[in-house]
């Protein structure tokens, strides 16, 4: 499944998660089910970031991180406008998100942020803990675009 476009992987995962999530809601309630799902997916995203960082031939820096973005864009999954790309910053807006569209179509729009959006910061944590994500809005949350603002944490030495 390593060659599978990420949007297709997320669709497969969502098809498996949906009945499990529905059963967790029925058994434990919506709040507890969302908390469990959030923790599990964040942990998975950290592990994914760590795995990709370990495969980097050079440093797992912001430039290497930026080179990974096309993996999430395959099959026209994300339409982005890059605003700044440097050694210290990688800023872009997502102006179309087929992930959000897919989750809504699957009846999972209310947890789409748990299935995808919340992975982004956790992925950074695993890839390189010095890379920080600031994001004030998402398409999944109803905004016109997602504002991704990645930066490298300053050394506190």
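Values quoted throughout were computed directly from the atomic coordinates according to the rules given, and no laboratory measurement underlies them. Computed from a prediction, not measured in an experiment: that's the story for all the values here. Cβ atoms come from the backbone with ideal geometry, glycine included; neighbour counts cover every protein chain shown.
Here are a few things to note about the model shown:
- When peptides 116-123, 26-33 are ranked by their average number of other Cβ atoms within 10 Å per residue, the highest-first order is 116-123, 26-33.
- Gyration tensor (alpha-carbon) shape descriptor, the stretch 1-58, a/c threshold 1.5: oblate
- Compactness of the stretch 1-118 - radius of gyration and Dmax, Cα, Å: 15.9, 48
- Remark: spin-label model distance residue 95-residue 44 equals 3.1 nm, labels positioned 7 Å along the Cα→Cβ axis.
- The relative contact order of the chain, computed from alpha carbon pairs under 8 Å that lie at least 6 residues apart in sequence, is 27 percent.
- Among 115, 108, 4, sorting on how many other beta-carbon atoms sit within 10 Å of each Cβ, with the fewest leading, yields 4, 108, 115.
- Simple spin-label estimate for residue 67 and residue 32 in nanometres, 7 Å along Cα-Cβ: 4.6
- Theoretical ellipticity at 222 nm over the chain - DSSP helices of four or more residues, -39500 (n - 2.57) apiece, nearest 500: -15500 deg cm²/dmol
- Förster radius 22 Å - calculated FRET efficiency between residue 143 and residue 106 (Cβ-Cβ, nearest 0.05): 0.60
- Distance from the stretch 101-157 to the stretch 61-84 (C-alpha centre basis), Å: 13
- Only alpha carbons enter this Debye calculation for the stretch 50-157, each as an equal point scatterer, and the log10 of I(q)/I(0) it gives at q = 0.23, 0.24 Å⁻¹ is -1.37, -1.45.
- Between residue 25 and residue 85, residue separation times 0.36 nm minus the direct Cα-Cα distance comes to 17.4 nm.
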